[in-house]
Amino acid sequence: MTLQTIPDDAALRDLARISRGGNAPGLARQFAKLGGCLNPVRLEGTRLDVDGPTGEVLRAFSSHDTAAGCVLVRCGNRRTSRCPACAETYRRDTYHLISAGLAGGKSVPDTVTTHPRVFATFTAPSFGPVHNRPTNGHPCRCGLRHRTDEPTLGTPLDPDSYDYTAAVLWNAHAGKLWARFTTLLRRVIAAELGLTRKEFERSARVSFAKVAEFQKRGAVHFHAVIRIDGPNREMVDPPPAWATVELLDAAVRVAVLRTRVPGFENLAGGLPAHFVWGRQVDVRPIRTRAFDGGSPLTDRAVAAYIAKYATKGGEAVLGTLDRRIHLLAELAAHEMTDHARRLVRTAWKLGARSELADLGLRRWAHMLGFRGHFSTKSRRYSTTLGALRDARTAWCDAKNRAAAQAAGAFVPDPDTTLVVASWTYVGSGLGAGESWLARSATPDPATAREALADLRAQEGEAA
Ligand SMILES: [Zn+2]
Ligand SMILES: [Zn+2]
């Protein structure tokens, strides 16, 4: 994000309006609290702090008393293309929760480092040959050696024979494939040990944390941390003696090859009969930093890698298309490759078929049919984003309370004070002048970069 120093015409007009209102300093203070969020949610309403025992109103607050005329709340969007500041918060939170599940911390015991765990990548099968950089050093099938940054990478050699329908429908079934895989993995491990499903559940649990990412060809793929724990449902406890990383590694490979989700066998129109993963399975054991033995895949590197992808939509593939479209004509306004455009069009066209209505393909056309979450984890993997947010809010509240008290301000007692609040959503985003003020209120980019570099160093070497 660049620091805007000179407002443009629209911003100047808006700033003039703000300055006539005489509340520019108040606005600047309100924006400073947004931590750089440029698309805040606007709320109108009131809050009354009432003394429980006496019923006396200790403090009344109305959004009309604020400089902006409404309360501004951070948008919390995870996408860097939508809100860099909120995406950075999301990335940090994701890092902490993935990291806690690997190295311990945030209510997860340190012994978790001794559990068998792997980092696995799940891809889509082929929908037709695409331009690529073969790992064996050979040129691409088109005869050229492509550079890593060429936009043709991942696009079809022959767009007319590429199976766009299957590609979109596969994305739409990726979530189901994942769910099916997790069930199969438990069964494969149980079968290997000669245990029934019930016996397996009594002796161990398998937990997951995963992120989704778009490959250049527009297919979703998943990166996942998979770990074996003990059977305790309430906390992370040590796994049984049979749980080894070799067993987990082999079971993941078998389960990937066996995963199959029914498609549209009895429907006309060239729809796929079933969906499977691609045959290339990448599974790697995760070492702790202390015992990495030269392995580049440490728990910190994995956490940093996953967190980085948690804040990406599909910018590399989808260009500027980062929200739902309501008319196909909107596509023309976005910068993207012809390949991505064709995938969106295919999703839109398939979305008109009544037998595919469940897939919501028009609603998810901007995601090339994928409607899953970008980062998910099983309940017991580690802490939750909600818990991290609550901890942060509580910390901020405590800090604010202490500061207010030190300044001699009235601070209600949280144990006896009732809070009666009512808020209504009135919109989101900032006007041109407000946006300029908000950017000016954010910290100097050089300082911010330093702070970020500091944080990344603490978080370990990013992938
Ligand atoms: Zn935001
Ligand atoms: Zn090529």
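The values are calculated or read from the model by the stated rules, or taken from the named source; none is laboratory data. Model, not experiment: these values are computed from the prediction. Because the Cβ atoms are built from the backbone with ideal geometry, glycine has one as well, and the counts that use them run over all protein chains shown.
Quick look at the values:
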| item | result |
| --- | --- |
| Among residues of segment 39-75, those that are assigned to a loop (DSSP other than H, G, I, E, B), modelled with pLDDT of 75 or more and not hydroxyl-bearing (Ser, Thr, Tyr), counted | 9 |
| Residue under evaluation residue 135, criteria (1) more than 11 Å from ligand 2 (Cβ to nearest atom); (2) surrounded by 18 or more Cβ atoms within 10 Å (Cβ to Cβ); (3) farther than 20 Å from residue 245 by Cα; (4) not acidic (Asp, Glu), criterion not met | (2) |
| Which numbered condition residue 65 fails, given (1) over 26 Å from residue 171 (Cβ atoms); (2) in contact (Cβ under 8 Å) with a residue 40 or more places away in the chain; (3) of a type in the set (D, E, K, R) | (2) |
| Residues within segment 138-172 that are more than 8 Å from ligand 2 (Cβ to nearest atom) and touching a strand residue (DSSP E or B) at 6+ places or on another chain (Cβ under 7 Å), tallied | 6 |
| Odd one out for residue 126, checked against (1) more than 16 Å from ligand 2 (Cβ to nearest atom); (2) within 22 Å of residue 252 (Cβ to Cβ) | (1) |
| Single condition residue 269 does not satisfy, out of (1) of a type outside the set (Val, Ile, Thr); (2) over 28 Å from the mean Cα position of the chain (by Cα); (3) within 18 Å of residue 183 (Cα to Cα) | (3) |
| Lone qualifier among 291, 374 - being touching a Gly at 6+ places or on another chain (Cβ under 8 Å), aromatic (Phe, Trp, Tyr) and modelled with pLDDT under 85 | 374 |
| Verdict on residue 236 being modelled with pLDDT under 85, out of contact with any Ser or Thr (no Cβ under 6 Å at 6 or more places or on another chain) and β-branched (Val, Ile, Thr) | yes |
| Close pairs from segment 76-88: first farther than 18 Å from residue 306 by Cβ, partner assigned to a helix (DSSP H, G or I) and more than 7 Å from ligand 1 (Cβ to nearest atom), Cβ under 6 Å, at least 6 apart | 81/315 |
| Residue ID - nearest to residue 173 (Cα to Cα), chosen from residues in segment 262-282 that are among the small types (Gly, Ala, Ser) and surrounded by fewer than 12 Cβ atoms within 10 Å (Cβ to Cβ) | 273 |
| One residue from 212, 224, 255, 251 being in a helix (DSSP H, G or I) and in contact with a Phe, Trp or Tyr (Cβ under 7 Å, 6 or more places away or on another chain) | 255 |
| Considering residues of segment 18-63 that are of a type in the set (S, T, N, Q) and within 16 Å of ligand 1 (Cβ to nearest atom) only, the residue surrounded by the fewest Cβ atoms within 10 Å (Cβ to Cβ) | 39 |
| Residue among 187, 133, 82 that is of a type outside the set (A, V, I, L, M, F, W, C), away from ligand 1 (no atom under 16 Å from the Cβ) and part of a loop (DSSP other than H, G, I, E, B) | 133 |
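Yes or no, residue by residue, for (1) within 16 Å of ligand 2 (Cβ to nearest atom); (2) under 31 Å from the mean Cα position of the chain (by Cα); (3) not assigned by TED's automatic domain parsing to the domain that holds residue 228:
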position	(1), (2), (3)
32	no, yes, yes
35	no, yes, yes
67	no, no, yes
79	no, yes, yes
113	no, yes, no
